[in-house]
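Laboratory data are not the source of any read-out in this text; all were calculated from the coordinates shown. Being a predicted model, the structure only gives us computed values, none of them experimental. With ideal geometry, Cβ positions are generated from the backbone for all residues, glycine too; neighbour counts draw on all protein chains shown.
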Amino acid sequence: MGSLRVLELYSGIGGMHYALKESGVPAQVVAAVDINTTANQIYRHNFPDTPLWPKTIEGITLDDFNKLSFDMILMSPPCQPFTRIGLQGDIADPRTKSFLYILDLLPRECLVKTLKDCGYTFQEIMVSPTSVGIPNSRLRYFLIAKASPGSFSFQTSSEILDGFPRPAENNASDLPTVSEPFCPGTRQQEENAEESRVLYKLETTKDARRKSDQNSDLSVQQIQGFLEPRTEAARYLLPPKVLLRYGVLMDIVRPTCRRSVCFTKGYGHYVEGTGSVLQSCMETELESVFKGLDQQSEEEKLQQLLKLKLRYFTPREIANLMGFPQSFAFPEQISTKQQYRVLGNSLNVVVVTRLIQLLVS
């Protein structure tokens, strides 16, 4: 196979370009397109030889595209228009349910219809980095498609797969299967009975059990393999007022954990729901800190929480969890807040590498 000419749309900080390099597929990115000036500075820093177009896609003519004579498009369109974050106040109203459903459905329906009309073979996949052994949950929708008469090395399905498809074999057991979310029977009844019982930290028994199950999944690596050997820990420690206000809401992980929650662009700036924080002090048991915390004075609470030495993951550590190679770097002028922001908007390099290999094999 000759070298593929690849067009990279919504190129961001270059996650798709790195995935292409890691995939081993002979390819050249003939143009990268993005309008985010910070992301473009980072992309240029890492890929100085790739033509980077700081334009909106609508501003590029068909003629401009045709001149590139590309074989493949890689793109990660912004998900904000299709997510519910801006409607959180309204979704409690049952009348909005059907509207939200249509909003969720339409972009995908239009995409799938267009691909079918143009004779593409395609497969939709929902996959998280945990499926490639990385201890970070970031479930994302992906679609890979080939123009006719292209075909894949696996049997395609009209369903959205919940994992990477396996190569097609005569044996039906090798076909993709939908995994069961839990085992039926007694355990399910126990969970139903206990799921509303709140533990010492603001989480239910069901949440605690899910985290415990994730931490015992040996197919996933431990977080310590993704940490920087030397960190200016003091710089990343959570300040006292954040500890007091959000202590019981934070997702706390230890270096030996095999799980962390999705890091978003607000990480390091907002606390709740933006990503996990790391417990640096291993001598202190989490439960001993949180038991009876609500009975204590502000000063006592703070002294207890400080024992854990909770810190934010550094931007480099988040880049590691997102599969970026060690060669990836930020230019000096990019602030820590900007680094967190662009990483939160990026995608997992290892996951996309696997998808490119599936697409081309």
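Numerical summary
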{"item": "Alpha carbon convex hull of region 198-321, projected area averaged over orientations, nm²", "result": "7.6"}
{"item": "Total formal charge among the other residues, if their Cβ is under 15 angstrom from that of Q214, Lys/Arg +1 and Asp/Glu -1", "result": "+3"}
{"item": "Label-point separation in nm, L302 to R5, each point 7 Å along Cα→Cβ", "result": "6.3"}
{"item": "Calculated FRET value between D162 and I73, using beta carbons and R₀ = 30 Å, to 0.05", "result": "0.75"}
{"item": "FRET efficiency estimate (nearest 0.05) - Cβ-Cβ, K113 to T231, R0 51 angstrom", "result": "0.55"}
{"item": "Label point at F65 placed 7 Å out along Cα→Cβ; residues across region 1-32 whose backbone nitrogen lies under 14 Å", "result": "7-10"}
{"item": "Beta bridges by DSSP in region 198-321, antiparallel share as percent, to the nearest 5", "result": "60"}
{"item": "Two-site FRET efficiency, S219 against Q155, from Cβ-Cβ distance with R₀ of 22 Å, rounded to 0.05", "result": "0.40"}
{"item": "25 Å Cα-Cα reach of K146 towards lysines, excluding residues that sit fewer than 8 places from it in its own chain", "result": "K21, K67, K113, K116"}
{"item": "Long-range lysine pairs (8 or more apart or interchain), region 198-321, Cα under 23 Å", "result": "19"}
{"item": "Value of relative contact order over region 198-321, rounded to a whole percent, pairs C-alpha under 8 Å and six or more apart", "result": "31"}
{"item": "For region 227-280 and region 295-334, distance of Cα centres in Å", "result": "5"}
{"item": "Selected from L321, G292, I223, residue furthest toward positive end of dipole (region 198-321; charges at beta carbon)", "result": "L321"}
